[in-house]
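The values are calculated or read from the model by the stated rules, or taken from the named source; none is laboratory data. Because the structure is predicted, anything quoted here is derived from the model rather than measured. Ideal geometry is used to build each Cβ from the backbone, glycine not excepted, and the neighbour counts take in all protein chains shown.
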Amino acid sequence: MHHTAKCHTPPSHLLACPKCQADTHSGFEPEQQRCQNCSEHYFDLAGMPCWFDTGIRQHAVWQNLYANMLERGETNLAQSQALLNDKTQLASTQARLHRLCAGNQAMLAALNTLLAGAGLSAIKHAEYADHDASHMLQYYELLLRDWAWPATEALDADSETNHVIGRNTVDENRAELNRIAVALKATGKGLGDTWVIGAGAGRLSVDMHMQLGASHTIALDANLLLITAAHRLVTQNIAWQLPELNSRPQHGFATHHVWSLPYRPWPNYTTPREHLQNWYAMAGNAWQPPLKPGCFDSVVTPWFMDVNGREPAALIAQVQKYLKPGGLWLNTGPLLYSASLNDAQKLSHDEIIELLVLAGFEVVYQNIETSAYLNSPLNAQQRTEQIWTFAAVAPLANATHPVQTHLLPAHPLPTQPPAWVLLPHLPIPINITFNTQGNAVLEQLAAKVDGVNSLNSIAEVMRANLGPEKDALEIVRNAFVEYLLV
Ligand SMILES: C[S@@+](CC[C@H](N)C(=O)[O-])C[C@H]1O[C@@H](n2cnc3c(N)ncnc32)[C@H](O)[C@@H]1O
């Protein structure tokens, strides 16, 4: 695709094909951005690997998304311009509308600077016409929080209106890093090779990398805007101008300000700047990452547990799959689950801890605190969120930690299913007697239990026969629970 820069590719011992999981010894060729094993091709944007399981098709998806974003932006601009045609307004109203138009224009310019600058073209593709661009801008404020709202700039005057811009805010990035630093310290471990899942605009992953001594950090996110910006600001070290717009007036606050976003390492960074070369922005899907299972010392999930489209049990399995035995999981964020989960899936803190313990993790640290969240210097309203931080150590390959029985309920209901049902990635123990009732299909299922297979791995085999539209895991799990276990 666009080879404007050499690809900033993580070391091969951390990489695997996102589609077929072949590693660099069995067909995946990171330098060529292709996989000999499954014949898939991948691409980069300005040297950032964009390695989705959808392969090269993701490039067209993003071209289309970019075109949709531009269209939305142009519609917004046209709407604010149309209001200026009304000749019955106060001169000061007109002046405000002019500023709003300028803001909308600046927003479009910022998008183009970032995405065209990364080598992407805005092209509509009919097959992706139903892809909605709104979710791309849903996390726009994270860019501002991560890179634009340092407390010292907040009280500058707006150049046009000469109004004071807003108020001082606390540095949320520093508070976030501190929460992770305290959790890490409690474990007595180092970060080593680290995967940050859903890294967003990237700030925490960079701060951790530089301040807390990771050897390599992979900051992976699926959001085109956020991860491209992270790559631009950190790896390419190119500044960016990002406007913030508040269409509703607040007294003493500017409605529009253009922030400049250079990446400024904190003055007290202890690590030389060259260490940034071992930090990698990657675009990809957390559920099919371009990464090699079992080779990360640490996995970090900041503000990700509740908004990844799947339930916590699936995240536990995914983290365990990519960690080394005895590796470290650092989680931080609230439990503000997205609407895609049903009430049974919106697990509480205690329920997640129970599952972690059943999966063999050792929970070594937990903390709950209320903290400022996305508080812009341009906004009089303030928001807080309850943040849960934990550190948990993954089980070793052949032995688990002593089970933390004090973290489990003293008397679980007799109806509670076994751990391998609750967590379908766990192996099914071999010493269970199944009631196959002379049924050939049930016998076939029971025969797969060998002390290694899990409900997930059995479902994986069945999926080929059942077809993609059926939920293989649900069918296999129900067969075990409803028939084989009774
Ligand atoms: C609430 S944001 C948090 C971002 C960042 N960690 C922070 O604290 O600012 C959640 C992030 O997860 C990303 N995300 C959600 N599902 C994902 C997936 N399947 N693969 C990769 N990233 C995903 C979103 O794009 C978004 O950037």
Q | the stretch 257-290, residues that are surrounded by fewer than 19 Cβ atoms within 10 Å (Cβ to Cβ) and within 12 Å of the ligand (Cβ to nearest atom) | A | 285, 287, 288
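Regarding residue 328, is this residue within 12 Å of the ligand (Cβ to nearest atom) and either over 30 Å from residue 56 (Cβ atoms) or aromatic (Phe, Trp, Tyr) (or both)? I'd like the intermediate steps shown before the answer.
Numbers: within 12 Å of the ligand (Cβ to nearest atom): no; either over 30 Å from residue 56 (Cβ atoms) or aromatic (Phe, Trp, Tyr) (or both): yes.
The answer is no for residue 328.
Filter the stretch 463-486 down to the residues that are assigned to a helix (DSSP H, G or I) and either within 30 Å of the chain's Cα centre (by Cα) or among the aromatic types (Phe, Trp, Tyr) (or both) and list them by number. It would help to see each step written out before you state the result.
Filtering the stretch 463-486 for residues assigned to a helix (DSSP H, G or I) gives 463-466, 472-484.
If the condition is that a residue be assigned to a helix (DSSP H, G or I) and either within 30 Å of the chain's Cα centre (by Cα) or among the aromatic types (Phe, Trp, Tyr) (or both), then 463, 464, 472, 473, 474, 475, 476, 477, 480, 483 are the ones that fit.
When you look at residue 293, is it in contact with a helix residue (DSSP H, G or I) (Cβ under 6 Å, 6 or more places away or on another chain) and surrounded by fewer than 16 Cβ atoms within 10 Å (Cβ to Cβ), yes or no?
Details: in contact with a helix residue (DSSP H, G or I) (Cβ under 6 Å, 6 or more places away or on another chain): yes; surrounded by fewer than 16 Cβ atoms within 10 Å (Cβ to Cβ): yes.
In short, yes.
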Q: Could you check residue 246 against (1) touching a Leu at 6+ places or on another chain (Cβ under 8 Å); (2) crowded, with 19+ Cβ neighbours inside 10 Å; (3) among the polar types (S, T, N, Q); (4) within 19 Å of residue 145 (Cα to Cα) and say which number it fails?
A: (2)
Q | Subset of the stretch 211-230 [surrounded by 23 or more Cβ atoms within 10 Å (Cβ to Cβ) and away from the ligand (no atom under 14 Å from the Cβ)] | A | 214
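Need at least 2 residues that are under 23 Å from residue 216 (Cα atoms) and at pLDDT below 90 per element, so show me which strands (runs of 3 or more DSSP E) inside the stretch 229-292 make the cut, counting only ones lying wholly within it.
Details: elements: 241-245, 256-260, 279-283.
Passing ranges: none, list empty.
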Q: Looking for whichever is part of a helix (DSSP H, G or I) and either surrounded by 20 or more Cβ atoms within 10 Å (Cβ to Cβ) or aliphatic (A, V, I, L, M) (or both) here; the options are 79, 58. Which one fits?
A: 58
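The rows are residues; the columns are (1) farther than 30 Å from residue 173 by Cα; (2) crowded, with 19+ Cβ neighbours inside 10 Å.
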site: 75; (1), (2): yes, no
site: 91; (1), (2): yes, no
site: 95; (1), (2): yes, no
site: 102; (1), (2): no, no
site: 118; (1), (2): no, yes
site: 130; (1), (2): yes, no
site: 136; (1), (2): no, yes
site: 142; (1), (2): no, yes
site: 145; (1), (2): no, yes
Q | Positions within the stretch 415-447 being buried (at least 16 other Cβ atoms within 10 Å of the Cβ), more than 28 Å from the chain's Cα centre (by Cα) and of a type outside the set (Val, Ile, Thr), in sequence order | A | 434, 442, 445, 446
Q. Would a scan of the stretch 343-351 turn up a residue that is touching a Phe, Trp or Tyr at 6+ places or on another chain (Cβ under 6 Å) and surrounded by 18 or more Cβ atoms within 10 Å (Cβ to Cβ)?
A. no
